[in-house]
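Reading through the structure tokens given below for one structure.
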Amino acid sequence: MPGSKEIRNKIKSIENTRKITKAMEMVAASKMRKAQDRMRAARPYAEKIRNVAAHLSHAHPEYKHPFLIKRDSVKNVGLIIITSDKGLCGGLNTNVLRMALSRMKEWEGEGKAISICAIGNKGLGFMSRIGGNVKSQVHGLGDAPHMEKLIGPVKVMLDAFVSGEIDALYMCYTRFINTMKQEPVLEQLLPLSGEKLGSAEGHWDYIYEPNAKEVIDDLLIRYVESLVFHAVAENMASEQSARMVAMKAASDNAKNVISELKLMYNKERQAAITKEISEIVSGAAAV
Amino acid sequence: MAMTIHVDIVSAEQSIYSGLAEFVAAPAVRGEVGIYPRHAPFISLLRPGAVRVKVPNQEEEEVIFVSGGILEVQPSVVTVLADTAIRGHDIDEAKALEAKQAAEEAMKDKSSKLDYARAQVELAEAMAQLQTIRKLRKKDH
């Protein structure tokens, strides 16, 4: 049986591959649940801080923070690109990078300079390969996003906005819709739009400590950070579910390939047996 | 029964405490503040310290450590937006610098002009690979 040994080896190797993809699928499934919980856990803070920010911007109209002022001409834009650190998660990063790239091309066409803040390895690698102007970056975020790691890279962009280096700040990431569906989105962070803050119910002014300006400054920085944090958390949930789906597909494919190879192997074996029997029979007939 | 006030203590990463309280003390930048129900609207930055919450019908106070943040008081609701990281102008600045340097390092020896053609080829390749896999999968079923 010449071919059957090779087929057996092939089956073995694909079975091993399948074991790996299956394990990765299960790991991603359990991580996905945790990532979703984390995403939900970040929601109360985002909502509360949005409320307070909305209230402050209404209660205190005479002080306008730079984040709230819309600039007449936008010459330079900043873009925060949130991607995963690791691959093997289907088209997740490709989709978000493609979206970012087409937007960047538009901006470049309009003569705008682009500064990039890369959160996650994949976006950073891509941007440095194609020669984007990466101003700040962070990678190796692990499974749980931590505010501590995001403060630095986001501050670089916020400082650039305040100093006038950039006139608008955008952020792109993958929004988590459900386990099967994730969607790349690109939204504007700065200047903060009034509609996004929404209106606050009730109307009163606060007693400020130490003073209104400092409180508003700190609050708005935290608000933007919480938006970025939430996007990162959402991106992580998307990553895990995309990986789970991709690995499930890979395991299914491996299963199909194995069953095809098994069929081939059995046919080969049968043919060999038939041949042997017919040889014996014809040998017996000759005697 | 004593009057109560609703207290929410949340951080960016999780909701830490939510419930009714008779009294809340928080470490504001200008010294600790105590808040009873129907306090005037008040907003303050917090320094690192403990937030104490007197829960009704419970002898012991709930003590929650915060590393800074913002305290917001409305007549019936107290919200503590707690920081999860120690903040400070210098610390933030150092972090920003670190992120900047990391980026500069990653960008070293790279062409400075954004090469759209190359980027598009790269993405197109990745998409083509995915498409092929998808097609193969369909054929199998």
>> Using helices alone, I'd like the mean residue ellipticity at 222 nm for the protein assembly as shown: each DSSP H run of four-plus residues gives -39500 (n - 2.57), total over residue count, nearest 500.
In response: -18500 deg cm²/dmol
> So what is the relative contact order of region A:50-134, in percent, for Cα pairs below 8 Å that sit 6 or more residues apart?
Replying inline: 34 percent
> Across peptide B:119-125, how many C-beta atoms of other chains are within 10 Å of each residue C-beta, on average?
Replying inline: 5
> Ignoring any ligand, DNA or RNA, what whole percent of the accessible area of chain A comes from carbon and sulfur when the probe is 1.4 angstrom?
Replying inline: 55 percent
> Quick one: buried accessible area between A and B, total over both chains, 1.4 angstrom probe, nearest 100 Å²?
Replying inline: 5200 Å²
> In a shell of Cβ-Cβ distance under 12 Å around A:R269, excluding A:R269 itself, what net charge do Lys and Arg (+1) and Asp and Glu (-1) give?
Replying inline: +3
> What is the Cα radius of gyration of region B:10-94 over 2.2 N^0.38 Å, N being its residue count?
Replying inline: 1.09
> So which aspartates and glutamates can A:K31 reach, going by Cα to Cα under 15 Å and dropping same-chain residues fewer than 8 places off?
Replying inline: A:D85, A:D143, A:E234, A:E239
> Percent of accessible area on region B:5-88 owned by carbon and sulfur, 1.4 Å probe?
Replying inline: 49 percent
> Which of the GluC sites (Glu not before Pro) across region A:52-143 are loop residues per DSSP, with 15 or fewer other Cβ within 10 Å?
Replying inline: A:E62, A:E110
>> From Cα pairs below 8 angstrom and at least 6 apart in sequence, can you work out the relative contact order of chain A, rounded to a whole percent?
In response: 33 percent
> In region A:251-267, which residues become less accessible by 10 Å² or more once every protein chain is in place, relative to the chain on its own, using a 1.4 Å probe?
Replying inline: A:N253, A:N256, A:E260
> Taking the radius of gyration and the Kirkwood hydrodynamic radius from Cα positions alone, what is the Rg/Rh ratio for region A:128-287, to two decimal places?
Replying inline: 1.42
>> Averaging the inverse of every distinct alpha carbon separation and then flipping it gives the Kirkwood radius. What is it for region B:14-59, in angstrom units?
In response: 11.7 Å
> Dipole of chain B (Lys/Arg Cβ +1, Asp/Glu Cβ -1, origin at the Cα centre): which of B:A21, B:Y116, B:V77 lies farthest to the positive side?
Replying inline: B:Y116
> Expressed as a rounded percentage, what relative contact order does chain B have, with Cα pairs under 8 Å and six or more residues apart?
Replying inline: 19 percent
> When you look at the Cβ of every residue in B:13-24, what mean number of other chain Cβ atoms sits within 10 Å?
Replying inline: 2
> Given the protein assembly as shown, what whole percent of its Cα pairs are spread farther than 35 Å?
Replying inline: 43 percent
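The values are calculated or read from the model by the stated rules, or taken from the named source; none is laboratory data. From a predicted model like this one, the values you see are computed outputs, not experimental measurements. Note that each Cβ is placed from the backbone with ideal geometry, even for glycine, and that neighbours are counted across all protein chains shown. For accessibility, only protein heavy atoms count, side chains too; no ligands or nucleic acids. Shrake-Rupley method; radii C 1.70, N 1.55, O 1.52, S 1.80 Å.
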